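Below: one structure, written as structure tokens.
Rule-based calculations on the coordinates, nothing more; no lab input. Just so you know, these numbers come straight off a predicted model, no measurement behind them. Note: ideal-geometry Cβ built from the backbone for every residue, glycine included; neighbour counts use all protein chains shown.
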């Protein structure tokens, strides 16, 4: 197989020289240590566009750091996943590249097996009760997060500091609250990976067992066999549907359908008893379900429904209109259960030996046990927790902006988390001593420069991968989650070659959801553009978010740049029976809105039939 | 419609028939009805009943004449049988079919023409005995128009008196006179056709259906004259797992007069396309699955896509037979490792890694 560009050879974009200081120093590809440089050149690094369709704001890298640590430590040090250590991370031109670190020495693998069996075994055996406990832990952490508060520093401390003899001042409190916030953010990611890799391991085992018995059985079918029915990620949309139906029952749907902001609609609803009742139900739905992010939750600008009620109100209107048009809305739960049971029974009936039946039953059972976590953890961590977290950070931004360290609250994201800590120290000590802080003369111009760099990063198209592809990809998580397989690598190489010449009219990705469909492409770069989608269009996006669900009733199919059969777009499209191709690498850059395209969700191919 | 009515009818459509109706219309016809009931779509058509055959020989006086002839034969030998056969065939072919039968057969034929939207639609005329009988395998293809239809129905009736059929009856101690059913299915005007296996022929995996399909008559695929489009489809979910576009340079078509098959070039632009749309592929797979379920084992199936009929009625099964290779394999080896627990399997999986195609 050909090679991708060596990670050290990526040119710096003119005008961004010095960008490295925007991110932790150890995230750089460097040549100063030859041994580390060789490791970097010999690994295959793929662009994690599944999580990061845009370049990283310095602060937002916190989640990448958090999972860099949590996933890796769990594989390497806690559970001792026999053949796999962690996943290494780098950043270049604002884009995060990752690479799985395998263990090759058979003796070392062998030595890890008993430890893994004992430790992972404990989790598998007690999965349900441990998962219940996990929810308690995460809910507790969310309560703690909500309690974190940031207050402007007073000119004079309150009397309570003296007469309550607390001995602690507001400056100290501000600094420690910031540390608390960061620690909680890192902690929730410790919990996130407590179960996740074990979940994937069980799922991958089922996939491969089923593949041995039924060669070529699509991953999408296997996912159908294990996926839960009461999936938390679908709850926000289900709540909207409930509210849509309630509005129709109470005959207040016309008020909601009127064009206007959510605030206007809510004010009008508040005038009548039916409206008041509905608003009370809305409030119930908002906590926690409207903490669903409009994106993946990985970026600060992925605001939640609670942050902008216009967004769920738009979706609500779509649902009301669908119901009025007599369309089926939401997930047909009973049909899904029936279909799942039918599929399992039919396959099972075709197994010809007792041994194979036992393999199938065992691995199916454990995959079904772990799957609710695999599907649901996203809501607790990436959506609920992150949405609250970003807003706490905005409070920090308010304080620094009041202190003229930054021009605007939203400038906070251009600082690394440790730079913010330093800035707070600058602010707090100058407040304490009554002197002039350096921040106001230092940060605004640095931020202006960083904004320019970010803009240049935005315009750069990151190659899907860097470094040296392995002969075969064996790392289970890369395959299931990111869709990185040997075939996909080959296609990426092809697309890279094609992109350097004239534009290609055929893209290859991985099958996400079966079926073939033709339609006009609509390239969507953010949730705000979802309103542009027209009936039957094919959604083309880097990746999608669960909160995009209402749009799925409209589209004919979907294409994503990144993702495997387990990624969100694939899961949702299967639910809606929409043909989907995931992991095309360059879909959003090759396809333009208005192009007539044909996607084959079984083959994983996209053809551009006619350019717009 | 009750069975009493059925037994006095001259014609019955395939979809009105059940397997147990073989005494009314013959086994082949009854079986086609049975297949239709099981969602196995065959070419549309109707059957002339044994009762129609009986009415024909009574009304024309043939019955009496043959009874007289046979009773006067004395000791039966081969030569006498040959002579009796020739006598009977001549008698039948020269007789005039009673108007009641001509009218009814003509009316039903007209329905078939209307259904296809084709004037004088070509049909096959085939015998269908209530008992299996060698010799009466007469099938006449590409029969057009009412007049010819009646002629060939007579020919088919007369085929019960071919020498092989007569001697078979004599040896079995059955009577000389025999009424048979006649099937009149529409000739499948195959725009595309092909072969299905209700398993993966490469590894015997029964969760798959494999389909080969190309333009024109099935001959091209069956005889390997072309590289057809091929598909591997999941039998449970109908997900297309693999598809390969074949080169499909030529196709087999009927001569203008329907007398024989010839080959013709497939136009360049058609070669570049898959020869059937996805909905037809899905229909093919649905029927293949029904056949597999009906017989309870993997089957080898020939099908055609009829250019004259609307979807889905155009997807037609031409022939079915048990798949021969994998059905015979009896020694079954497990395809997965024997392990005690799911945990052992997970460890083993992690250590082995994931093999990618």
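If you sort the three axes of the alpha carbon gyration tensor as a ≥ b ≥ c, you get a/c under 1.5 for chain A, which makes it rounded. For the peptides B:268-278, A:224-234, A:43-53, the ranking by packing is A:43-53, A:224-234, B:268-278, with the highest mean count of neighbouring Cβ atoms within 10 Å listed first.
Beta bridges per DSSP, both residues in the protein assembly as shown: antiparallel share near 90 percent. Ellipticity at 222 nm from helices only: DSSP H runs of n ≥ 4 in chain B, each -39500 (n - 2.57), divided by the residue count, give -11500 deg cm²/dmol. Would you work out the relative contact order for chain B, in percent, from Cα pairs under 8 angstrom that are 6 or more residues apart? Relative contact order here is 15 percent. Taken along the Cα-to-beta-carbon direction at a fixed 7 Å, the label points for residue B:268 and residue A:162 span 9.8 nm. Shielding of peptide A:514-523 by partners, expressed as the average count of other chain Cβ atoms within 10 Å per residue Cβ, is 2.
Shape verdict for segment B:43-177, please, from the Cα gyration tensor: rounded (a/c under 1.5), prolate (a/b greater than b/c) or oblate. Prolate is the answer for segment B:43-177, as a/c is 1.5 or above and a/b outweighs b/c.
In the elastic network of chain B, a GNM with C-alpha springs shorter than 10 Å, the most mobile of B:219, B:94, B:75 is B:75. A full extension of the chain between residue A:328 and residue A:398 corresponds to an added length of 20.7 nm, given 0.36 nm per residue minus the alpha carbon distance. With springs only between Cα atoms under 10 Å, which of B:29, B:189, B:255 fluctuates most in a Gaussian network model of chain B? Among B:29, B:189, B:255, the largest mean-square fluctuation in the Gaussian network model of chain B belongs to B:255.
Packing order of peptides A:436-447, A:182-193, A:584-595, highest average first: A:584-595, A:182-193, A:436-447 (average count of other Cβ atoms within 10 Å over each peptide's residues). Computed from Cα atoms, the angle from the helix B:278-295 axis to the main principal axis of chain B rounds to 70 degrees. Pairs of Cα atoms nearer than 8 Å and 6+ residues apart set the relative contact order; for chain A it is 18 percent.
Using the rule -39500 (n - 2.57) for each DSSP H run of four or more residues, divided by the residues of chain A, the 222 nm mean residue ellipticity is -16500 deg cm²/dmol.
Label sites at residue A:446 and residue B:100, each approximated as a point 7 angstrom past Cα along Cα to Cβ, lie 10.7 nm apart.
Over segment B:190-328, Cα pairs under 8 Å with separation of 6+ residues give a relative contact order of 25 percent. How tilted is helix B:78-94 with respect to the longest principal axis of chain B? Cα atoms for both, answer in degrees (0 to 90, nearest 10). Long axis of B:78-94 versus the principal axis of chain B: about 90 degrees. Sorting A:124-132, B:244-252 by average packing, meaning the other beta carbons within 10 Å per residue, from highest down gives B:244-252, A:124-132.
If I take R0 = 41 Å and measure r between the Cβ atoms of residue B:142 and residue A:535 in this structure, what FRET efficiency does the formula 1/(1 + (r/R0)^6) give, to the nearest 0.05?
Efficiency, rounded to the nearest 0.05: 0.30.
Shielding of peptide A:206-218 by partners, expressed as the average count of other chain Cβ atoms within 10 Å per residue Cβ, is 6. Inter-chain Cβ neighbour count for A:597-607, averaged per residue, equals 2 (cutoff 10 Å, partner chain atoms only). Under a GNM of chain B (C-alpha, springs under 10 Å), which listed residue has the highest mean-square fluctuation: B:119, B:335, B:293? Looking only at B:119, B:335, B:293, the biggest GNM fluctuation is shown by B:335. Taking a point 7 Å from the Cα of residue B:352 along the Cα-to-Cβ direction, the residues of segment A:210-227 with backbone N closer than 12 Å to it are A:210-214.
Neighbouring Cβ atoms within 10 Å as the yardstick, rank A:383, A:300, A:39, A:319 fewest first. Don't skip to the end; give the middle numbers.
Details: A:383 29, A:300 21, A:39 14, A:319 25.
Fewest to most other Cβ atoms nearby, the residues stand as A:39, A:300, A:319, A:383.
For chain B, find the longest principal axis of its Cα atoms and tell me its angle to the long axis of helix B:50-59, 0 to 90°, nearest 10. Approximately 20 degrees, to the nearest ten.
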